[in-house]
Protein chains: 2
Amino acid sequence: MDGDAYGNLISSLAQENDRRIVLLVMDGLGDCDNGGGGTALQMARTPNFDGLSRESALGQHVPVAAAVTPGSGPGHLGLFGYDPLVYRVGRGVLSALGVEFPLTKRDVAARLNFCTVDRAGNVTDRRAGRISDAENRRALDKLRASVRAPKGVEVLFETEAEHRAVMVLRGEGLDDNVGDTDPQITGAPPLSATRPPHDRSRTAAAVADLIAQARAILSDEPKANMIVARGFARAPDWPTFAERFKLDPAAVAGYPMYRGVARLVGMPVAAQPTTAADVCAETVAALRKHTFVFAHFKYTDKTGEDGDVAGKVARIEEMDAALPALLAAAPDVLIVTGDHSTPPSIRGHSWHPVPLLMKAPFLRGGDGPRFEEARCRGGQIGTIPAREIIPLAMAHAGKLQKFGA
Amino acid sequence: MDGDAYGNLISSLAQENDRRIVLLVMDGLGDCDNGGGGTALQMARTPNFDGLSRESALGQHVPVAAAVTPGSGPGHLGLFGYDPLVYRVGRGVLSALGVEFPLTKRDVAARLNFCTVDRAGNVTDRRAGRISDAENRRALDKLRASVRAPKGVEVLFETEAEHRAVMVLRGEGLDDNVGDTDPQITGAPPLSATRPPHDRSRTAAAVADLIAQARAILSDEPKANMIVARGFARAPDWPTFAERFKLDPAAVAGYPMYRGVARLVGMPVAAQPTTAADVCAETVAALRKHTFVFAHFKYTDKTGEDGDVAGKVARIEEMDAALPALLAAAPDVLIVTGDHSTPPSIRGHSWHPVPLLMKAPFLRGGDGPRFEEARCRGGQIGTIPAREIIPLAMAHAGKLQKFGA
């Protein structure tokens, strides 16, 4: 792909063999020091990670770019070896991934919000009073039942939660040259999907037609009497992970968003566990059939988002306790890292570099004795962009040919 | 050159003075930990490198890109300050360098293999039974004697070893738009040099003619009864090292490949020593006439390729013992590094960052007390792309002007 010189280079050097690589993502793993108490990794009792770190290389990665906080989509794309600044995913596609909508190459997706408009058509509540998921589903059923699809276009809706939904237009030759209709303020009417420079787009005309129909269909609703759409985006047409790296991949992930990102790069889903023990067990099972397994553990992020330091520590210790089962399967290369940091003190994703551990053949000794931010910073891997992690694992697994004679 | 913004910047700032820089390349210097025993540099007794490291800056360099294992050509180009991803060398040119063939700008070079074909013309042995060097020379003499050169083209052959040789076409207006004729498998005939998209190339037509002639000329040979060619490449037309950096360079190298890469950037060869003592002595001699000397020591790579840890340690100690003679000449800047790592445990080149030492004025203290991978990782130079080494040495030698007023 243009602009991806490094990825293209690695792809040109990739060679197949039967060595196995595991990428264990502990979502939101990195932390700040929690007011002097140390990071969650530093506070946790992790005898198994400690032992592993003594025979592993340590380092840290930058998910997108210095000082940039990644969303889950870009965070995982970087880990999968797709530079998130080159492989961009539109808002609509991320929403579709979040509800695990099976996008095809003929689809254009948008994020849909139910909202409330007054008689003059001005938006009075951009979230339609935060309707319940059930109300959302009922209103979408109403749209599905009554909407007349524009010629040559199939229209699909999916509930996300509360006022949030996904709309997908499917057909040949659709484009994403469609104006956001969400005015992002109250007191103004929704914008036109066909305003310049979107005025010559067939897809924008279809969207304008659909939104006008929705206004009529929903007019008797007390709250959700209108929809606005934004972030129209085509499902990307990228080289698959298997093509790109000559690996046979599988995803082990309990949450829809992460399965969605995996599918975006053509990675099939092998299992959907959520606890650390199940994640490790399913990873071991998937390793029997695949040369690459992406394993996702959600709760280190969730506890960070909740501002729950003790919870984050406990979730790290949960994974530590589960680790021996994974180690017993002896993958040739084991990577443990996060897709970004989620410090409980921030209650959200952050820009901090993310701790990184790699157990592999041909190291320069082990960097332990602990797996935590300070030792990672001084480790032999150094501080690298996330997109270099998979290539590095491939090098250690003998999956990259020499460059030049 | 396009795509080489950094190199162009440095070139625009270069200024001449009489300070002298030595680049001592201990080929394949870096290592892994040899199963816990440590790297060869860690195991070696190196009192002279130890002393030098106490008054030097340490660091490590990445020859091509993260996770990428360089061949000798790209590895040295990086050290010479030519980004190997921008300054690409085709297979044919590398083969020509390997036998020190003096390429001109009118040349197109290809790697030639003798092979065996059956009566139907299908390849039965891609290496012609690995004929001896003597048989190779005899068969090439036969070709030289009988081949009728296509109009306006001179054809030159050079033995490499066993079944391997180099073919060079010389003439005005030749191109490298020529199909590989090596089918890379047995049981199939050689490919046509003029197949699309090579069908309109005058050079491809000349190659097809030559290969047809070779088939007839070699038909009575028991093993080497055919040739196949691949990697057609023009001799590159790059700025010379002297133009680029305003340095007066010389190469001191005992092996053809390294003299070849030096000549590729216009660096004349001053001497061809092989032992560490001779490399140092010839470097001292060359320093009397040149402001830059590239000195190459092969055996740290050769022992690594042989999987010989003790041998690699001994070769490092050999260079350590020779070092005082070089230090006595007091070059203004002395760089010691490798073109890549060659861990004996891998028995080949690797992707690992390469230890780097620079003795120079204007350091931030010395990084010793030893010259080995772990201290290099933590040294003041940090981890840098190979192409930054020459600019850094030039800065310390006062050979780079200020950028902006």
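Computed from the coordinates by the stated procedures, all read-outs in this text should not be read as laboratory data. Nothing here was measured: the structure is a model prediction, and the numbers come from that model. Don't worry about glycine lacking a Cβ; one is built from the backbone with ideal geometry, like all the others, and counts go over all protein chains shown.
With all pairs of separate Cα atoms included, the stretch B:1-116 yields a Kirkwood hydrodynamic radius of 18.1 Å. By other beta-carbon atoms within 10 Å, ranking A:220, B:332 with the fewest at the front produces A:220, B:332.
When all alpha carbon pairs of the stretch B:135-190 are counted in 5 Å bins from zero, the resulting P(r) reads 4, 15, 19, 22, 24, 13, 3, 0 %. Think of chain A as having a plus end and a minus end, set by charges on the Cβ of Lys, Arg, Asp and Glu; of A:314, A:265, A:157, A:157 sits farthest toward the positive end of this dipole.
The residue list A:363, A:391, A:403 was ranked by how far each Cα lies along the charge dipole of the stretch A:361-405 toward its positive end, using unit charges on Cβ atoms, and A:403 comes out on top.
Seen from a random direction on average, the alpha-carbon convex hull of the stretch B:335-402 projects onto 5.2 square nanometres.
Counting beta carbons within 10 Å around each of B:127, A:45, A:230 and listing the fewest first gives the order A:45, B:127, A:230.
If R0 equals 60 Å, the separation of the Cβ atoms of residue B:364 and residue A:325 corresponds to a calculated FRET efficiency of about 0.80.
Working note: Cα gyration tensor of chain A, eigenvalues times five, square-rooted, sorted largest first, giving semi-axes of 42, 24, 18 Å. A point 7 Å from Cα along Cα→Cβ stands in for residue A:141, and the other copies hold the same point at 9.3 nm, listed in rising order.
Phi-derived couplings, Karplus 6.51 cos²θ - 1.76 cosθ + 1.60 at θ = phi - 60°, listed residue by residue for the stretch B:16-21: 7, 8, 9, 6, 10, 10 Hz, with x used for Gly and Pro. By the rule of a C-alpha distance below 30 Å, with chain neighbours fewer than 8 residues away ignored, the lysines paired with residue B:359 are B:246, B:289, B:298, B:302, B:312, B:399, B:402.
Across all Cα pairs in the stretch B:43-88, the calculated P(r) in 10 Å bins from zero up to the longest distance comes to 24, 34, 30, 12 percent per bin. Here the stretch B:132-263 is described by how far its Cα atoms reach on the three principal axes: 53, 37, 29 Å, from widest to narrowest. Summed over qualifying helices (DSSP H, 4 residues or more, each -39500 (n - 2.57)) and divided by its residue number, the protein assembly as shown shows a 222 nm mean residue ellipticity of -9500 deg cm²/dmol. log10 I(q)/I(0), Debye, Cα-only the stretch A:221-282, no solvent, q = 0.13, 0.26 Å⁻¹? Values returned for q = 0.13, 0.26 Å⁻¹ are -0.53, -1.07. Cα convex hull, the stretch B:277-352: 83 Å³ per residue, rounded to a whole number. Placing unit charges on each Cβ (+1 for Lys and Arg, -1 for Asp and Glu) gives the stretch B:94-234 a dipole about its Cα centre, and among B:219, B:203, B:229 the Cα reaching farthest toward its positive end belongs to B:203. Considering every alpha-carbon pair of the stretch B:220-333, the percent of pairs per 10 Å bin, from zero through the bin containing the longest distance, is 13, 32, 28, 17, 7, 2, 0. In the stretch B:279-323, the alpha-carbon atoms span a convex hull of 57 Å³ per residue.
Taking the square roots of 5 times each eigenvalue of the Cα gyration tensor of the protein assembly as shown, largest first, gives ellipsoid semi-axes of 54, 35, 26 Å. The charge dipole of chain B, taken about its Cα centre with unit charges on the Cβ atoms of Lys, Arg (+1), Asp and Glu (-1) only, comes to about 620 debye.
Considering only GluC sites (Glu not before Pro) in DSSP loops that have at most 12 other Cβ atoms within 10 Å, the longest stretch of chain A without any of them is A:173-405. Counting only Cβ charges, +1 for Lys and Arg and -1 for Asp and Glu, the dipole size of the protein assembly as shown around its Cα centre is about 1220 debye.
Specify the residue with the greatest mean-square fluctuation among A:164, A:200, A:375, computed from a Gaussian network of chain A linking alpha-carbon atoms under 10 Å apart. Maximum fluctuation in the GNM of chain A, among the listed residues, is at A:200.
Taking a label point 7 Å from Cα toward Cβ, how far is residue A:37 from its twins in the other copies, in nm, shortest first? Copy-to-copy label distances for residue A:37: 4.8 nm. Rg ratio for the stretch A:16-70: its Cα radius of gyration over 2.2 N^0.38 Å, N being its residue count, equals 1.46.
Basic side chains Lys and Arg get +1 at the Cβ, acidic Asp and Glu get -1 at the Cβ, and with that the dipole of the stretch B:127-171 about its Cα centre reaches some 200 debye. What residue among B:48, B:136, B:34 shows peak mean-square fluctuation when chain B is described by a Gaussian network model with Cα springs under 10 Å? So, out of B:48, B:136, B:34, the one fluctuating most is B:34.
Within the listed set B:316, B:389, B:185, the Gaussian network model of chain B (springs between alpha-carbon atoms below 10 Å) gives the highest mean-square fluctuation for B:185.
The largest-to-smallest principal axis extents of the Cα set in the stretch B:283-405 are 52, 32, 25 Å.
Considering all C-alpha pairs of the stretch B:69-218, those separated by over 22 Å amount to 43%.
Each of A:244, A:111, A:195 has some number of other Cβ atoms within 10 Å of its Cβ, and from fewest to most they run A:195, A:244, A:111. Axis between A and B by rotation; chain A residue with nearest Cβ and distance in whole Å recorded as A:378, 4.
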